[in-house]
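Here the structure comes first, spelled out in structure tokens, and everything after it is commentary.
The values are calculated or read from the model by the stated rules, or taken from the named source; none is laboratory data. Here the structure is a predicted model, which means the values were calculated and not measured. Positions of Cβ are backbone-derived with ideal geometry, glycine not excepted, and every protein chain shown enters the neighbour counts. Only protein heavy atoms, including side chains, enter the accessible area calculation; ligands, DNA and RNA are left aside. Shrake-Rupley method; radii C 1.70, N 1.55, O 1.52, S 1.80 Å.
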Amino acid sequence: MAEKSVEELYPLVLQLTVPESPEQRETALLELSKKREAFADLAPILWHSFGTMGTLLQEIVSIYPMLSPPNLTAHASNRVCNALALLQCVASHPETRGLFLNAHVPLYLYPFLNTVSKNRPFEYLRLTSLGVVGALVKMDDSDVINFLLQTEIIPLCLRIMETGSELSKTVATFIVQKILLDDMGLNYVCATAERFYAVSTVLSNMVATLVDQPSIRLLKHIVRCYLRLSDNLRAREALRQCLPDSLRDNSFAHNVKDDLTVKRWLNSLLYNIASSTAAGQTAAGPVVVQGGGGGGVPHDGQSGVPSQQQPAGVASVVGAHAALQQQTPGQQQQHHHVGHAGGHGMVAGASGLGGVPGVAGLGAGLAHGGGHPHVGGVPE
């Protein structure tokens with residue numbers, strides 16, 4: 001869409017801060033959220049206009065009392081989601097992203113991510129909030145990753161990954177994936193066995209669910225998370241014991257047969273794990289994912305599981321926990337300084353993973369088969 005004159009934005013921005021009536025502010029929120037894709041410089045205008053960001057934050061905090069006890073209405077949810085859409089615009093723009101982080105604006109969204117109500121307005125609210133964080137991590141900025149690690153976004157994402165709707169799970173898993181793809185994020189998650197298992201246990205549970213309810217979009221992000229974890233030597237040793245069997249035995253071969261990217265990632269993951277052996281030991285390679293040409297990766301010709309492999313799943317946590325704990329004092333000291341958030345925060349966040357529900361519909365757009373209006377850019 002060709003960019004239009006920014007002159008038409010100024011009256012709407014003014015109506016946010018100096019509305020003639022409450023309805024006028026609500027209308028301005030809606031109209032600006034609709035126009036954010038058409039105006040590349042909307043974010044700087046919002047940030048630098050007097051009182052505008054304060055108004056958006058006021059819209060957010062005004063519904064905090066509706067979170068507990070949960071009595072958020074659809075109307076209130078739609079209104080605050082329009083404000084969140086404008087924050088997503090600010091988070092995505094290179095000129096305002098750093099200012100957005102330095103002001104710690106994402107922290108205002110964390111109470112929304114921490115809600116557990118099954119009602120559609122709450123799911124809509126969580127999903128739109130995830131969209132703001134997703135817009136941040138898409139930029140591949142280490143400052144963003146550092147901020148998110150310090151503020152412990154991972155436990156909030158893990159809970160949504162465990163029990164959210166499919167779309168919420170997909171966006172939350174995408175956020176964790178982008179954090180892991182940064183070296184700082186990978187080191188943080190693999191710094192302690194507790195952190196590693198907070199993440200890997202949720203991933204394993206998601207894979208178990210996908211066996212009965214396949215979603216190639218969600219599976220793609222899960223496999224990429226596992227593959228990135230396998231880049232860490234200690235995590236690779238642990239994954240030899242806790243990687244779900246369904247990722248080893250062609251359970252998803254039919255689902256990924258037409259997606260060469262997922263097949264390549266899965267084959268690379270299995271190869272990495274099979275090649276991770278103790279000194280002086282030799283293990284056979286993994287089974288090749290069938291269903292089409294994906295390159296030859298060696299396997300043992302029988303089960304496809306390396307000969308030293310223990311049964312996958314939670315039952316093997318003890319052995320893999322030991323593998324993660326075998327770190328030199330130097331490694332432990334290095335991991336200690338990754339971010340300010342301690343491992344106990346992640347353990348606490350992962351220990352109560354129930355509560356974030358799946359919701360069949362996410363507003364009128366999703367109810368009619370459309371996408372979420374404020375969650376864009378997450379890869380298919």
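Worth pointing out:
- 11 Å beta-carbon shell around LEU136, net charge (K/R +1, D/E -1): 0
- Rolling a 1.4 Å probe over the protein chains gives HIS48 an accessible area of about 120 Å².
- Note on region 151-197: along the principal axes its Cα atoms extend 30, 20, 18 Å, ordered by decreasing extent.
- Cα centroid separation, region 242-278 to region 31-104 (Å): 40 Å
- Measuring only protein heavy atoms, the 1.4 Å probe finds TYR10 accessible over about 100 Å².
- Global form of region 22-105, assessed from the alpha-carbon gyration tensor, a/c cut-off 1.5: prolate
- In this label model, LYS257 and GLN150 are separated by 5.0 nm, measuring between points 7 Å along each Cα→Cβ vector.
- Geometric descriptor of region 69-202, per residue, is 99 Å³ (volume of the convex hull of the Cα atoms).
- For region 4-51: span of alpha carbons on each principal axis (Å, largest first): 28, 21, 14
- Rounded to 0.05, the FRET efficiency of the VAL18 and GLU166 pair, given R0 = 35 Å and the Cβ-Cβ distance, is 0.25.
- In this simple spin-label model, placing a label point 7 Å from the Cα along the Cα-to-Cβ direction at both LYS118 and THR27 gives a separation of 3.9 nm.
- ARG264 accessible area, assembled protein chains, probe 1.4 Å, Å²: 130 Å²
- Heavy-atom accessible area with a 1.4 Å probe sorts ARG25, ARG234, largest first, into ARG234, ARG25.
- Total charge dipole magnitude, region 115-234, about the Cα centre, Cβ charges on Lys, Arg, Asp, Glu only, Debye to nearest 20: 340 debye
- Average Cα contact separation per residue, region 146-248, under 8 Å, 6 or more apart, as relative contact order %: 28 percent
- For region 1-150: rounded, prolate or oblate by the Cα gyration tensor [a/c cutoff 1.5]: oblate
- Its convex hull of Cα atoms gives region 150-285 a direction-averaged projected area, equal to a quarter of the hull surface, of 8.0 nm².
- Accessible area, probe 1.4 Å, largest first, for residues LYS35, LYS263: LYS35, LYS263
- Treating each Cα of region 124-206 as an identical point scatterer and summing with the Debye formula, the log10 of I(q)/I(0) at q = 0.11, 0.27 Å⁻¹ comes to -0.25, -1.45.
- Per residue convex hull volume, Cα atoms of region 213-281, in Å³: 83 Å³
- Apportionment of accessible area to carbon and sulfur, region 101-249, percent (1.4 Å): 44 percent
- Point-to-point label distance, ASP140-VAL211, nm (Cα→Cβ direction, 7 Å offset): 3.6 nm
- Taking a ≥ b ≥ c as the square roots of the eigenvalues of the Cα gyration tensor, region 191-235 is classed as oblate, since a/c reaches at least 1.5 and a/b does not exceed b/c.
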